[in-house]
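A.B. asks: Encoded as structure tokens, here's the structure I'll be asking about.
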Amino acid sequence: MPTSAPDSGSVLSVAGLEVRYGSVIAATDISLEIAPGEIVALLGPNGAGKTSVMKALAGLIEPARGTIDFFDGNRRHSLNGLRGFEIARLGIALVPALHVVLPRMTVAENLEVGGRYLLGDMQTVRRNVAELLQKFPILDERKHQFAGLLSGGEQRQLAIARALVSRPRLMLLDEPSVGLAPKTLSEIFSLLKRINKEDKVEMLMVEQNVNKALEISDRAYVMRVGAMDFSGPSGEVARSDRLPDAYLGS
Amino acid sequence: MPPIDYMVEQALIGVSTGAIYAIIAIGYNLVFGVMNVLNLTHGAILMVGSFGVLLAYHLGMENFWLAAVFGVALALVTGILVERLVVRPLKGNWWNTKVATLGAAIFLENLVTRITEGRPMPFPRPFQATYFPIVGTLEISNVQIFLIVCSLGIMAGMMWFLRSTSAGKAIRVVAQSPDLAQCVGINVRQVMVLGFAVSAVLAGIAGILNAVTFGSTYPFVGQLLGLKGLVILIVAGIGNVRGCLVVALVLGVLESFAVVAGGSAYRDLVAYTGMVLVLLWRPLGLFGEEGRTGKEI
């Protein structure tokens, strides 16, 4: 399996991960690495098990097998056996694919909640929120509206901004393009790239828009039903014959 | 038509009954919201609260306020035990938790019946009732004032708690999406226990206020009250605290007027007929919203 990811110094390293729902195996033998500074794409057709992998990494499902290690810049942590909120407290922020906002809270409250339980200090939370509202002007305009009343694209922006309030080290983005108009999608993707570069936030991204994902990511992993198929630098993956095979079957 | 001052008096009684209903309904709402569990022990916990006061008197603690604190504490302990022993082992299974909590209610009611021989017991008053004339023949007693101020104060306190405190906000986040709650660093398990505890405290307070209203309590007092709370929850729409308050107050006042118009036999007709009519018109309740689950994120 060709991979350019370094073995040591990885921000996230996953080995032999298996996710099950009862007796049904959603994904098995998943190994992946995220190096400092990287955006990594996790691709594959519907039902390949990408979201299940993301949920396992975020601690929302307990993995049946495998190890997950996270390096926060100072210390190495094993994520095995940790629950979702503990993983979030280590600096890993999941932006889910569906139900991304708290609909019965205002935009401002959604953002505040993103930091309140992770940072503790409300002054820092307010400062971070104010900074993010500058990066996301549409949210600033709508900050007193209920989040449930925002459009799909605005909700997605709110979810990303909320994840950023706590200044996470690693972002897990599950299908950030779902329900977005093409123009909004480009904006959000360039914003993600900027956050990656400027704020030094690594990202693992599950994405159905393969071209876009390969455009902004450094490396990509491609899954077939329930297992890893191949991986490589995004440019190579984009040109690979195996990519259409993974989606359409060979 | 009865004289106007009589109607005003009935309305005041209705408001104080309604406020007690509201406290009960919000207790249901909290547990339903954070755990997606319908806690049918709620009525029995309320009853435990009222008997806790009697127990305190029996043990020689003859101060109403101390006894009330003891009663609420007993309700809290009961609630936490129900969460631990009855709800948690069933892992949120919708039907099993309903049957099990109903079973726990029957157990508590019969346990108290066994201990007290099941007769209605006279309930102490916080202070001697004195009546103040307002206008005409209309009078209001200090006990009535106490009940209204106390219930509305608790409602206001609850809203402040849910809107402005960290713990209260955590409860609201978990109610909207347990998975998102985890993602923002909230210990969902802990918040569920907290929701159950606050709900039990509210039940205890409601039980005591109700016993003060009627001057007595009995082991099955929670059945009808619990059912009323449930009706309010359904009519208001699940997950809506302010909705519960409005519906509860309206129900209390309407019940009062139904008694004036047709006698006490008509009192309970209001809630159930009202529920059927509202559900025919709005199946999600008056203030309910679709898709309030956050199960799949």
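A.B. asks: Can you say whether residue A:228 is part of a strand (DSSP E or B), farther than 17 Å from residue A:170 by Cα and in contact (Cβ under 8 Å) with a residue 12 or more places away in the chain, as far as the supplied structure shows?
C.D. replies: yes
A.B. asks: Step by step: first the residues of segment B:147-175, then only those that are within 14 Å of chain A (Cβ to nearest Cβ) and surrounded by 24 or more Cβ atoms within 10 Å (Cβ to Cβ), then the one that is nearest to the chain's Cα centre (by Cα). Which residue is that?
C.D. replies: So the residue we want is B:175.
A.B. asks: Using the structure shown, decide if residue A:167 is under 16 Å from the mean Cα position of the chain (by Cα), in contact (Cβ under 8 Å) with a residue 24 or more places away in the chain and outside any strand (DSSP E or B).
C.D. replies: yes
A.B. asks: Ok, one more. Taking the condition at pLDDT below 95 and closer than 28 Å to residue A:155 by Cα, does residue A:49 pass?
C.D. replies: So residue A:49 fits the description; yes.
A.B. asks: Looking at residue B:243 and the list (1) in contact with a Lys or Arg (Cβ under 8 Å, 6 or more places away or on another chain); (2) part of a helix (DSSP H, G or I); (3) not aromatic (Phe, Trp, Tyr), which single condition is not satisfied?
C.D. replies: Only one criterion in (1) in contact with a Lys or Arg (Cβ under 8 Å, 6 or more places away or on another chain); (2) part of a helix (DSSP H, G or I); (3) not aromatic (Phe, Trp, Tyr) is unmet by residue B:243, namely (1).
A.B. asks: Does at least one position in segment B:141-164 carry a residue that is farther than 30 Å from residue A:164 by Cα and of a type in the set (Lys, Arg)?
C.D. replies: No.
A.B. asks: Taking the residues in segment A:102-114 that are crowded, with 24+ Cβ neighbours inside 10 Å and within 8 Å of chain B (Cβ to nearest Cβ) as candidates, determine which candidate is farthest from residue A:163 (Cα to Cα).
C.D. replies: Residue satisfying both the conditions and the ranking: A:102.
A.B. asks: In segment A:66-80, is there at least one residue being at positive phi and within 15 Å of the chain's Cα centre (by Cα)?
C.D. replies: no
A.B. asks: Right, something else. Scan segment A:170-216 residue by residue and report those that are outside any helix (DSSP H, G or I), loosely packed, with under 15 Cβ neighbours inside 10 Å and of a type outside the set (A, V, I, L, M).
C.D. replies: Within segment A:170-216, A:199, A:200 qualify.
A.B. asks: Out of (1) in contact (Cβ under 8 Å) with a residue 24 or more places away in the chain; (2) surrounded by fewer than 21 Cβ atoms within 10 Å (Cβ to Cβ), what's the single condition that is false for residue A:147?
C.D. replies: Residue A:147 satisfies all of (1) in contact (Cβ under 8 Å) with a residue 24 or more places away in the chain; (2) surrounded by fewer than 21 Cβ atoms within 10 Å (Cβ to Cβ) except (2).
A.B. asks: Another question about this same structure. State all residues of segment A:116-131 that are of a type outside the set (A, V, I, L, M), more than 8 Å from chain B (Cβ to nearest Cβ) and in a helix (DSSP H, G or I); if no residue qualifies, say none.
C.D. replies: If the condition is that a residue be of a type outside the set (A, V, I, L, M), more than 8 Å from chain B (Cβ to nearest Cβ) and in a helix (DSSP H, G or I), then A:123, A:124, A:126, A:127, A:128, A:131 are the ones that fit.
A.B. asks: What are the residues in segment A:133-144 that are surrounded by 20 or more Cβ atoms within 10 Å (Cβ to Cβ) and either in contact with a Leu (Cβ under 6 Å, 6 or more places away or on another chain) or in a helix (DSSP H, G or I) (or both), if any?
C.D. replies: A:139
A.B. asks: Further, regarding this structure: Restricting attention to segment B:180-195, report how many residues are within 8 Å of chain A (Cβ to nearest Cβ) and either surrounded by 24 or more Cβ atoms within 10 Å (Cβ to Cβ) or small (Gly, Ala, Ser) (or both).
C.D. replies: Of the residues in segment B:180-195, 7 are within 8 Å of chain A (Cβ to nearest Cβ) and either surrounded by 24 or more Cβ atoms within 10 Å (Cβ to Cβ) or small (Gly, Ala, Ser) (or both).
A.B. asks: Looking only at residues that are in a helix (DSSP H, G or I) and either over 27 Å from residue A:24 (Cβ atoms) or not aliphatic (A, V, I, L, M) (or both) in segment A:56-101, which one is farthest from the other protein chains (Cβ to nearest Cβ)?
C.D. replies: It comes out as A:86.
A.B. asks: Out of A:167, A:156, A:162, which single residue is crowded, with 20+ Cβ neighbours inside 10 Å, within 14 Å of chain B (Cβ to nearest Cβ) and under 14 Å from residue A:113 (Cα atoms)?
C.D. replies: Only one candidate passes the filter, namely A:162.
A.B. asks: While we're here: Can you tell me which residues in segment A:12-55 are part of a strand (DSSP E or B) and small (Gly, Ala, Ser)?
C.D. replies: A:13, A:15, A:16, A:26, A:27, A:31, A:41, listed by residue number.
A.B. asks: Here is a further query. Any idea which of B:109, B:62 is among the charged types (D, E, K, R) and not in a helix (DSSP H, G or I)?
C.D. replies: Being among the charged types (D, E, K, R) and not in a helix (DSSP H, G or I) holds for just one of B:109, B:62, which is B:62.
A.B. asks: When both residues are 6+ apart or on different chains and their Cβ atoms are under 8 Å apart, which pairs have a first residue that lies in segment B:33-62 and is at positive phi, and a second that is assigned to a helix (DSSP H, G or I)?
C.D. replies: Once the first residue is at positive phi and sits in segment B:33-62, its partners that are assigned to a helix (DSSP H, G or I) give B:36/B:94.
Yes or no, residue by residue, for (1) surrounded by fewer than 17 Cβ atoms within 10 Å (Cβ to Cβ); (2) touching a Phe, Trp or Tyr at 6+ places or on another chain (Cβ under 7 Å); (3) at pLDDT 95 or above:
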position	(1), (2), (3)
A:11	no, yes, no
A:42	no, yes, no
A:67	yes, no, no
A:95	no, no, no
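A.B. asks: Restricting attention to segment A:104-160, report how many residues are closer than 19 Å to residue A:191 by Cα and among the polar types (S, T, N, Q).
C.D. replies: The qualifying residues number 5.
The values are calculated or read from the model by the stated rules, or taken from the named source; none is laboratory data. Keep in mind it's a predicted model, so treat the numbers as computed, not measured. Quick reminder, even Gly has a Cβ in these numbers, built from the backbone with ideal geometry, and neighbours come from all protein chains shown.
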